[in-house]
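In what follows, a single structure is set out as structure tokens and then discussed.
The values are calculated or read from the model by the stated rules, or taken from the named source; none is laboratory data. Because the structure is a prediction, the values reported are computed rather than measured. Using ideal geometry, Cβ is built from the backbone for each residue, glycine included, and neighbour counts are taken over all protein chains shown.
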């Protein structure tokens, strides 16, 4: 899971398919905390319960955006060995506003693997629907080709918001997020009707003008980079506000699903740029 998982990740109507033009979606700078709980489970999964927390910090800079995510999840099992599974990861990324450069650093620890790191930089070439390359420095030096039309997470997020505003219901692109040593994978967003601010159970949400915004229910499906599978590796449903904030999320792992509920949010200052 990555922001793509919890960010996932556009442009205006004049945004080209290559994602290299300026976008209109105005993303807020904020820090948010989510509580994680077990949303659903299949009888065959053996999952008895789950809990955890996620902190997401999204900041606009003069030339781009930076994001920091911290994610902790503990899953308990019935009558299984091991009886529990714990994962923690932190993901730091930055993306330029021209959508062509992207830095990423993911560190993860689980019950089975005490430490993993994926780190590097990706660049997209100039030109209509140009591809590019991702250069990894960890876990080892590796260079992968990014296919034509690849987008980075913030660009894809802005595209989804813009298409949602326009009334579109389906957005499919190849997206690279740097969470694994792999090339860009296909991400498909299925967008529901626009929801008015404070529609549907928002009384329990933190009081913040950041949340008094139009939004959409969106289902994301994540496919592998080889484009050979007809079924996604992973699915996620979110309520996405038009300022880029994710109000709530459900991460579907197949045998069970984890829900993320927004508990706290604060606005962060925007940069003063010349």
Qualifying residue in region 36-43 (condition: buried (at least 18 other Cβ atoms within 10 Å of the Cβ), more than 27 Å from residue 226 (Cα to Cα) and in contact with a helix residue (DSSP H, G or I) (Cβ under 6 Å, 6 or more places away or on another chain)): no
Criterion (surrounded by fewer than 20 Cβ atoms within 10 Å (Cβ to Cβ) and touching a strand residue (DSSP E or B) at 6+ places or on another chain (Cβ under 8 Å)) met by exactly one of 238, 190: 190
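How many residues, within region 172-228, are under 30 Å from residue 116 (Cα atoms), at pLDDT 85 or above and not in a strand (DSSP E or B)? It would help to see each step written out before you state the result.
Within region 172-228, the first condition is being under 30 Å from residue 116 (Cα atoms), and the residues that meet it are 172-189, 219-228.
Keeping just the survivors that are at pLDDT 85 or above gives 172-189, 219-223.
Among the residues that remain, those that are also not in a strand (DSSP E or B) are: 176-184, 223.
Qualifying residue count, region 172-228: 10.
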Counted residues, region 61-96 - those being in a strand (DSSP E or B), over 24 Å from residue 235 (Cα atoms) and more than 16 Å from the chain's Cα centre (by Cα): 2
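Within region 47-64, identify whether any single residue is within 23 Å of residue 161 (Cβ to Cβ), out of contact with any strand residue (DSSP E or B) (no Cβ under 8 Å at 6 or more places or on another chain) and buried (at least 17 other Cβ atoms within 10 Å of the Cβ), and answer yes or no. Please lay out each step first, then the result.
First pass over region 47-64, keeping only residues within 23 Å of residue 161 (Cβ to Cβ): 54-64.
Filter once more, so that each one left must be out of contact with any strand residue (DSSP E or B) (no Cβ under 8 Å at 6 or more places or on another chain): 60, 62.
Those left that are additionally buried (at least 17 other Cβ atoms within 10 Å of the Cβ): 60.
Yes, that holds for at least one residue.
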Condition check for residue 250: more than 26 Å from residue 74 (Cβ to Cβ) and part of a strand (DSSP E or B): no
Flag if residue 143 is surrounded by fewer than 21 Cβ atoms within 10 Å (Cβ to Cβ), under 15 Å from the mean Cα position of the chain (by Cα) and modelled with pLDDT of 90 or more: no
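Do you know which of the residues in region 142-166 that are assigned to a loop (DSSP other than H, G, I, E, B) and touching a strand residue (DSSP E or B) at 6+ places or on another chain (Cβ under 8 Å) is farthest from residue 243 (Cα to Cα)? Reasoning before the result, please.
Step one: of region 142-166, the residues assigned to a loop (DSSP other than H, G, I, E, B) are 147-150, 152, 166.
Keeping just the survivors that are touching a strand residue (DSSP E or B) at 6+ places or on another chain (Cβ under 8 Å) gives 147, 149-150, 152.
Working: 147: 29, 149: 24, 150: 23, 152: 18 Å.
So, considering only residues that are assigned to a loop (DSSP other than H, G, I, E, B) and touching a strand residue (DSSP E or B) at 6+ places or on another chain (Cβ under 8 Å), the one farthest from residue 243 (Cα to Cα) is 147.
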Test result for residue 57, farther than 13 Å from residue 36 by Cβ and modelled with pLDDT under 95: no
